[in-house]
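All remarks here apply to the structure that follows.
The values are calculated or read from the model by the stated rules, or taken from the named source; none is laboratory data. Because the structure is a prediction, the values reported are computed rather than measured. Every residue, glycine as well, gets a Cβ built from its backbone with ideal geometry; the counts of neighbours run over all protein chains shown. For accessibility, only protein heavy atoms count, side chains too; no ligands or nucleic acids. Shrake-Rupley method; radii C 1.70, N 1.55, O 1.52, S 1.80 Å.
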Amino acid sequence: EAAARLRASGQESAARLVEALPAVDGVLDEAQRRRLLRRIHAEIQRLGEELQLPRRVAEELRIISSRRRFTRVIDVGCGAGYVLRSLARARALPGVELIATDLDAELIDMGQELAALDGCDVTFRVADALVVATDGTPTVVISTGFLHHLRRDDVGPFLARHETPDVVGFLHYDPEPGWLTNLGSRVFHRSRMREPISRHDGNLSMRRAHPARFLLHTGAMAAPSFELACRDGQSLLHAFRPLVGVRR
């Protein structure tokens, strides 16, 4: 059934990948699916390592902290929580509470296990990050590789939800779309990823990214309380660039 749905939407390669997954009587093997999910997110962590996302996020957060005081950072769609775990290990934000949120309980379990092995202080929650950020604590909301999972019409409503007094800033890292990004993504995923689904889905996801001009225009309409910045144009050295918002 899953393969048929993919073929109906023109995704023949994805359909073949699904058909190759272990199944019993047409139903995916749950234990195998869970192990595959963890292997894929381990590869996503390696992508974050090579792009030095924790260091880049820490630098931007320090800039925000010079303008607005905050005592908490919440990560949207954290996956296995690599960015916040790295910030905690490096003690990059002393005195700041780190909360990693995702709607996938399996990934939250994976993040908690890795945080325990790392010995780092990060709270993991199966939750909507922007519901958590409404309890009176000055908060910066971050994400890495999340915005391109939103449809174009959903970006505005997502950014509008930052218009709560408790959110003093946000930082959403995502690629700038275009031929250079597409080529670099294809080469990188082919050369660095081992799982066929990682290779396929990673490159496909990059092609769904939103241009900086669209993010700035949409953000200005949806979150007028924030001063926005987002670097336009593609770069081999900065495959991910942030949409930064600081409350005026």
- Quick calc: nm separation of the 7 Å Cα→Cβ label points for residue 116 and residue 179 -> 5.1 nm
- Item | Gain in span if fully extended, residue 232 to residue 59, counting 0.36 nm per residue against the direct Cα distance | 60.4 nm
- Where the eigenvalues come from the Cα gyration tensor of the chain, what are the semi-axes √(5λ) of the equivalent ellipsoid, largest first, in whole Å? 30, 22, 17
- Note on the structure: Share of accessible surface on carbon and sulfur in the range 1-60, whole %, 1.4 Å probe and ligands ignored, is 53 percent
- What does the accessible area per residue of the range 84-222 come to in Å², with a 1.4 Å probe and no ligands, DNA or RNA counted? 48 Å²
- First compute the accessible area of the range 132-248 with a 1.4 Å probe, then give the percent of it belonging to carbon and sulfur atoms. 56 percent
- Item | Contact order relative to length of the chain, as percent, for alpha carbon pairs under 8 angstrom and 6 or more apart | 18 percent
- Item | Accessible surface, per residue, of the range 1-68 when the full set of protein chains is kept, probe 1.4 Å, Å² | 64 Å²
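Can you order the peptides 90-98, 55-63, 142-150, 18-26 by their average number of other Cβ atoms within 10 Å per residue, highest first?
Details: 90-98: 14.1, 55-63: 16.7, 142-150: 20.6, 18-26: 11.4.
Descending packing order for the listed peptides: 142-150, 55-63, 90-98, 18-26.
For residue 187 and residue 67 in the same chain, what is the full-extension length gain: residue separation times 0.36 nm, less their Cα-Cα distance, in nm?
Full extension of this stretch gives 39.3 nm more.
Give, as a single signed number, the net charge of other residues whose beta carbon lies under 14 Å from the beta carbon of residue 210, with Lys and Arg counted +1 and Asp and Glu -1. Write down the numbers at each step before the final one.
On the way: positive: 151, 152, 207, 208, 213, 231, 241; negative: 153, 154, 174, 176, 232.
With Lys, Arg at +1 and Asp, Glu at -1, the net is +2.
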- Query: Which shape class, rounded, prolate or oblate, goes with the range 107-167 when its Cα gyration tensor gives a ≥ b ≥ c as root eigenvalues, a/c under 1.5 marks rounded, and past that a/b bigger than b/c marks prolate?
  - Reply: oblate
